[in-house]
Amino acid sequence: KRMWDELKMDQPFRDLERCEPTHFGFDPAKVFESLLYLQVLSPGSKIDAYTNKLPMLFGEYSYSKEQMYRALEYFGEHDSLIAEYTRKKIDAIYPYDLKTGYFDCTNYYCEIDEEDGPGGLRAKGPSKENFKGPIVGLGLLLDGAGIPLAHKLYRGNQSEKPEMDKIIEDMRAELQPKAKLVRVADKGLNCASNIYKALEKGDGYIFSSSVKGADDMTKKWVKNPNGYSELKDESGNVVYKEKSDVVDREYQIKDGDGRVIGEFTARQKQIVFWSRDFADKSKIEREREIFRLLKDPKTFKSIERRELGHAAKYVTVEAARTQDGEYQRVDAIQEELDMEKIKSDEELDGYYLIVTSETKMSDDEVIDRYRCLWEIEESFMITKSILSARPFFLRKGEAIQGHFLICFAALLFLRLIQKKKLGNAINAGSLASTMRLMNVVKGADGRWIASKKDKNFPFLSKAYRAALDIHYWDEERIRKLFLS
């Protein structure tokens, strides 16, 4: 509530009303504010929020169920304006770190069977949770400090690769960063087009790259023991090593049909590091997959990649046929482990490859910046688990966009409080758990009773100069709690 007031978050809704009078009969800012709080305090379906949770919020939030759904569509229709206002307001109070941008994509499943028609968001595509129904994709951009900068929804069956440049360009147009932005992403977004666009805009990039899928020259360089700096344990065994080189790499830009539409050369640093722990993990995972392949009888259908996953690359399959008159009959499936492929992968276990345009940046800084990409994975975990952004039960595209705008705002507020207000002393998940304990019940004497306490109460009481770990509250004390 204090963050809402500090950012004057009702302002974009007031501006919209002046430009385009809605005559809704309700206040969209109040709807957004209440749904934002409920997304953190008690996430779930919108109908459950309206019916069971809204009456429990402190404050006046008066609107009907139909008005709530209309407001969600309204938020979706104007999500870019609301997000732009929020970005500029935050940058004025808590300046973004725009030297580095962390980007990744994920998807969220929907509780429906049928896809949307052309132009809709919900479509069947590769789900990160192996969900077979329609999904929507979401790209998320964080600044160098891990504060959410921007998000963008896209159709569930579309490639995530073009989304990074789109979302960064929108942010750049609004905030106009003076320094170049180093774009950090994993290998799923490492493609010629994204590298070209980063360089074309004067930006840099730090991308991970597949070692086992690299060209022969890169693999030879990785496996060459010369040039590595090593870290050893007390017994003298290598536990970590790394090396780097600056190379000129030729790239081909391809269109959606795989046709080459352009070529360019990028001078980049490639850094490879090896970890014993990572090597042990890779070995265990491969042995588990091979054991599963040998243990279970196979049919043609089970050989398909969607059934075997990554293990399919370790087996070759042939049909054993016998002549039966004029027809051949398939009697069995003959499978044979591809020992050459297994040996090739074993040699590269534990290696991790990063490529970057920042040839003068030290290897350690490049690796440290890349490792900070975990914050975006944590942000996805927060939206999916803590904020329960999925599954969602909305049908209209604008309402879906409105829902994710509220989820993004909830993540943004949690991160701002965590990082800017509390100096990372409490993580976002713990902060949300503490807020969910802040329930009071009206007693017979008219005072409000708080029965639950939390380990974070003493720290938050000090940070916000307001006693939270007390049993009895009156309305005046509650109102003062929300005042900056």
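Tell me the per residue accessible area of region 118-269 using a 1.4 Å probe; a whole number in Å² is fine.
Counting only protein heavy atoms, the per-residue value for region 118-269 is 50 Å².
What spacing in nm lies between the two simple spin-label points modelled at Leu199 and Lys124, each 7 Å away from Cα in the Cβ direction?
4.0
Based on alpha-carbon atoms only, what is the radius of gyration of region 189-248 relative to the globular estimate 2.2 N^0.38 Å?
Compared with the compact-globule rule of thumb, region 189-248 sits at 1.49.
What is the spin-label model distance, in nm, from Ala425 to Lys166 if the labels are put 7 Å beyond Cα along the C-beta direction?
4.2
If R₀ is 22 angstrom, what is the calculated FRET efficiency for the pair Asp248 and Asn224, using the beta carbon separation as r and rounding to 0.05?
On the way: r = 19 Å, r/R0 = 0.86.
Once the sixth-power term is evaluated, E becomes 0.70.
For Val239, which sequence-distant residues (separation of 5 or more, or a different chain) have an amide H within less than 5 Å of its own amide H, given hydrogens modelled in the peptide plane?
Leu231, Lys232, Asp233
Multiply the residue separation of Glu263 and Asp338 by 0.36 nm, subtract the distance between their alpha-carbon atoms, and state the gained length in nm to one decimal.
23.5 nm
If I take all pairs of Cα atoms in the chain, what percentage of them are more than 38 Å from each other?
On the way: 45154 of 116886 pairs.
Looking at the chain, the distances longer than 38 Å represent 39 percent of pairs.
Counting DSSP beta bridges with both partners in the chain, what percentage is antiparallel, nearest 5?
For the chain, the DSSP antiparallel bridge percentage is about 90.
Could you pull out every residue, at least 5 positions away or on a different chain, whose amide H is within less than 5 Å of the one on Lys99? Hs are placed 1.01 Å off N in the peptide plane, and Pro or chain starts have none.
Gly144
At most 12 other Cβ atoms within 10 Å and a DSSP loop assignment: could you name the trypsin sites (Lys or Arg not before Pro) in region 209-249 that fit?
none
Just the number please: accessible area per residue for region 395-469, 1.4 Å probe, all protein chains included, in Å².
That works out to 50 Å² for each residue.
Which percent of the accessible heavy-atom area of the chain goes to carbon and sulfur, probe 1.4 angstrom?
Accessible surface attributable to carbon and sulfur in the chain totals 49 percent.
Report the local net charge at Tyr472: Lys and Arg +1, Asp and Glu -1, summed over other residues whose C-beta lies under 13 Å from its C-beta.
-2
Net charge around Lys453, counting only other residues with Cβ within less than 14 Å of its Cβ (Lys, Arg = +1; Asp, Glu = -1)?
Around Lys453, the charge tally is +1.
Would you give the gap between the C-alpha center of region 402-468 and the C-alpha center of region 96-146, rounded to a whole Å?
Answer, in whole Å: 28.
Rank Arg276, Arg395, Arg288 by accessible area, highest first, at a 1.4 Å probe radius?
Sorted by accessible area, descending: Arg395, Arg288, Arg276.
If you fit an axis through the alpha-carbon atoms of helix 397-416 and take the longest principal axis of the Cα set of the chain, what angle between them do you get, 0 to 90°, nearest 10?
With both axes taken from Cα atoms, the answer is about 80 degrees.
Thinking of region 14-125 as a set of Cα atoms, what percent of all their pairs are more than 17 Å apart? Intermediate results must be reported in sequence, preceding the final value.
Values: 4268 of 6216 pairs.
Result: 69 percent of Cα pairs exceed 17 Å.
If I take R0 = 30 Å and measure r between the Cβ atoms of Phe393 and Lys452 in this structure, what FRET efficiency does the formula 1/(1 + (r/R0)^6) give, to the nearest 0.05?
Using R0 = 30 Å, I get an efficiency of 0.50.
Full extension from Arg2 to Glu285: what is 0.36 nm times the residue separation minus their Cα-Cα distance, to one decimal in nm? Mind showing how you got there, number by number?
Values: separation 283, 0.36 × 283 = 101.88 nm, distance 4.76 nm.
Contour length minus the Cα-Cα distance gives 97.1 nm.
Solvent-accessible area of Ile478, probe 1.4 Å, all protein chains present, reported in Å² to the nearest ten, please.
About 10 Å², rounded to the nearest 10.
The values are calculated or read from the model by the stated rules, or taken from the named source; none is laboratory data. Source: prediction; values computed, not measured. As a convention, Cβ positions derive from the backbone with ideal geometry for all residues, glycine included, and neighbour counts pool all protein chains shown. Ligands, DNA and RNA are stripped out before the accessible areas are found, and what is left, the full protein with its side chains, is counted by its heavy atoms. Shrake-Rupley method; radii C 1.70, N 1.55, O 1.52, S 1.80 Å.
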